[in-house]
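The values are calculated or read from the model by the stated rules, or taken from the named source; none is laboratory data. Keep in mind the model is a prediction, meaning the values are calculated, not measured. Virtual Cβ from ideal backbone geometry, glycine too; neighbours counted across all protein chains shown. Areas reflect the complete protein model, heavy atoms only, side chains present, ligands, DNA and RNA absent. Shrake-Rupley method; radii C 1.70, N 1.55, O 1.52, S 1.80 Å.
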Amino acid sequence: KSMRELSTHFFIAFLVVALMLSLTTLGLLTMSQTLTSSGSITSINVAIFSDINCTTPINALSWGIISPGTSASRTVYVKNTGNSQLTLNMRTDVWVPAGANNSISVTWNKENAQLNASQSTAADLTLTVSPSISGILNFSVNIIITGSG
């Protein structure tokens, strides 16, 4: 083979090796972790629905796959099934694994909202995962929505 052919083959081999090393380095710098999750919803003095017309009751949410440092939101519809005004509250309980709530939180936009008898409202639940979460790949949590008054 001529010197020019050898030089061309060497250059191509060099580019392939450089590309492979770059991709390997990029892979090392972009490590990711995903979490799968689920959660149950319990309600007290109110009913929870998946639709705006409050015809499809739900008792569980799937958050899907969530990466560290991100959040996911789900909209549910809360209906006062009683005959007097209620104040809405939400809390979480029974985190699995225990301690997951140190890196994962659930919040909503209806804390202390007033809901008249037979009235319903859209509520956005947001699950947030800390960017520094570690050792948790799957989790579940109970979400308890209460109407008091």
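Which residues, taken from the range 59-102, are hydrophobic (A, V, I, L, M, F, W, C), buried (at least 16 other Cβ atoms within 10 Å of the Cβ) and farther than 12 Å from Ala123 by Cβ? So that I can check it myself, show each step before the final result.
Kept after step one, since they are hydrophobic (A, V, I, L, M, F, W, C), are these residues of the range 59-102: 60-61, 63, 65-66, 72, 76, 78, 86, 88, 90, 94-96, 98, 100.
Of the ones still in play, those that are also buried (at least 16 other Cβ atoms within 10 Å of the Cβ) are 61, 63, 66, 72, 76, 78, 86, 88, 90, 95, 100.
Hits for the range 59-102 are Trp63, Ile66, Ala72, Leu86, Trp95, Ala100.
So for the range 125-134 (the condition being open to solvent by 40 Å² or more (accessible area, probe 1.4 Å), of a type in the set (A, V, I, L, M, F, W, C) and either modelled with pLDDT of 95 or more or not in a loop (DSSP other than H, G, I, E, B) (or both)), does at least one residue qualify? Even if it seems obvious, please write down each step before you answer.
Start the filter on the range 125-134 by keeping residues that are open to solvent by 40 Å² or more (accessible area, probe 1.4 Å), which leaves 128, 131-132, 134.
Those still in the list that are of a type in the set (A, V, I, L, M, F, W, C) too: none.
Looking through the range 125-134, none of the residues is open to solvent by 40 Å² or more (accessible area, probe 1.4 Å), of a type in the set (A, V, I, L, M, F, W, C) and either modelled with pLDDT of 95 or more or not in a loop (DSSP other than H, G, I, E, B) (or both).
Only one of (1) closer than 30 Å to Ser130 by Cβ; (2) within 22 Å of the chain's Cα centre (by Cα) is not met by Ile44, so which one is it?
Unmet condition: (2).
Name the residue that is surrounded by the fewest Cβ atoms within 10 Å (Cβ to Cβ), counting only residues in the range 103-119 that are under 30 Å from Asn83 (Cβ atoms) and of a type in the set (Val, Ile, Thr).
First pass over the range 103-119, keeping only residues under 30 Å from Asn83 (Cβ atoms): 106-119.
From the residues that got through so far, the ones that are of a type in the set (Val, Ile, Thr) too are 106-107.
Numbers: Val106: 21, Thr107: 14.
Applying the filter and picking the extreme gives Thr107.
Regarding Asn112, is this residue touching a Leu at 6+ places or on another chain (Cβ under 8 Å), polar (S, T, N, Q), outside any strand (DSSP E or B) and without any contact (Cβ under 8 Å) to a residue 60 or more places away in the chain?
Working: touching a Leu at 6+ places or on another chain (Cβ under 8 Å): yes; polar (S, T, N, Q): yes; outside any strand (DSSP E or B): yes; without any contact (Cβ under 8 Å) to a residue 60 or more places away in the chain: yes.
Taking the combined requirement at face value, the residue satisfies it.
Kindly check whether there is at least one residue in the range 48-59 that is modelled with pLDDT of 55 or more and in contact with a Lys or Arg (Cβ under 7 Å, 6 or more places away or on another chain). Even if it seems obvious, please write down each step before you answer.
Applying the first criterion (modelled with pLDDT of 55 or more) to the range 48-59 yields 48-59.
Right, trim to in contact with a Lys or Arg (Cβ under 7 Å, 6 or more places away or on another chain) and you get 49, 54.
Yes, there is a match, as at least one residue in the range 48-59 is modelled with pLDDT of 55 or more and in contact with a Lys or Arg (Cβ under 7 Å, 6 or more places away or on another chain).
Say we look at the range 135-149 and pick out the residues that are open to solvent by less than 40 Å² (accessible area, probe 1.4 Å) and of a type in the set (A, V, I, L, M); which of these is nearest to Pro68 (Cα to Cα)?
We begin by selecting, within the range 135-149, every residue open to solvent by less than 40 Å² (accessible area, probe 1.4 Å); these are 136, 139-141, 143-147.
Now narrow it down to the ones that are of a type in the set (A, V, I, L, M): 136, 141, 143-145.
Numbers: Ile136: 10, Val141: 17, Ile143: 21, Ile144: 24, Ile145: 26 Å.
So, considering only residues that are open to solvent by less than 40 Å² (accessible area, probe 1.4 Å) and of a type in the set (A, V, I, L, M), the one nearest to Pro68 (Cα to Cα) is Ile136.
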